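Colleague: Following this message is one structure expressed as structure tokens.
Where a number appears in this text, it was derived from the coordinates with a stated rule and is not lab data. This structure is a prediction, so every number in the text was calculated from the model and none was measured. Cβ: placed from backbone, ideal geometry, glycine included. Neighbour counts: every protein chain shown.
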Amino acid sequence: MPLSHAHFNIGQVVQHKHYGFRGVVFDVDFEYSLDEQWYQAACKAMEGLGQPPIAKNQPFYHLLTDGSVHESYVSQQNLCAAMDVAPVQHAGLEALFTITNGQYIHRYSVN
């Protein structure tokens, strides 16, 4: 069953359901948009955890990964809202977001 809308917002802190890392959403693809090699590797990793394959026809989120200089690309089925409210630490955070009252506000948002 295809998921037709994103459950998470730009600036929202989310957590990977299986690996536990957190990140701030900075972009959303409404279906898978990377290469087939990445997709096959991600499905193999989920299979190793006893999880179902990753569906391509769902939102995928670009994350600034907490405690890292890397970005992550994660399917909606593998994310949940983060319960940890500690600030996210990422070198690229200040270039994309301002923080107001604990909320990550995208610097280039259209209001």
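Colleague: Build a GNM of the chain with springs between Cα atoms under 10 Å: which of Gln12, Gln37, Gln51 gets the top mean-square fluctuation?
Modeller: Highest fluctuation of the listed residues: Gln37.
Colleague: Quickly estimate the mean residue ellipticity at 222 nm for the chain, helices only: each DSSP H run with n ≥ 4 gives -39500 (n - 2.57), and the total goes over all residues, rounded to 500.
Modeller: That comes out to -4000 deg cm²/dmol.
Colleague: Using DSSP to define loop residues, name the chymotrypsin sites (Phe, Trp or Tyr not before Pro) in region 1-60 whose beta-carbon has at most 13 other beta-carbon atoms within 10 Å.
Modeller: Those that pass, being in a loop and sparsely packed, are Tyr19.
Colleague: With a point put 7 Å past each Cα toward its Cβ, work out how far Asp29 is from Thr100 in nm, to one decimal.
Modeller: Between Asp29 and Thr100, the simple spin-label model gives 3.1 nm.
Colleague: Once Rh is set to the Kirkwood radius over Cα pairs, what Stokes-Einstein translational diffusion coefficient, in µm²/s, holds for region 13-106 at a temperature of 37 °C and a viscosity of 0.692 mPa s?
Modeller: Answer from the Stokes-Einstein relation: 236 µm²/s.
Colleague: Turning to a different aspect of this structure: Where does region 20-63 land on Rg(C-alpha)/(2.2 N^0.38 Å)?
Modeller: Taking the Cα Rg and dividing by 2.2 N^0.38 Å, one obtains 1.20.
Colleague: Given a Förster distance of 22 Å, report the FRET efficiency between Met83 and His7 from their Cβ-Cβ distance, rounded to the nearest 0.05.
Modeller: 0.90
Colleague: Determine the relative contact order of region 26-111: mean sequence separation of Cα pairs under 8 Å and six or more apart, normalised by residue count, in whole percent.
Modeller: It rounds to 23 percent for region 26-111.
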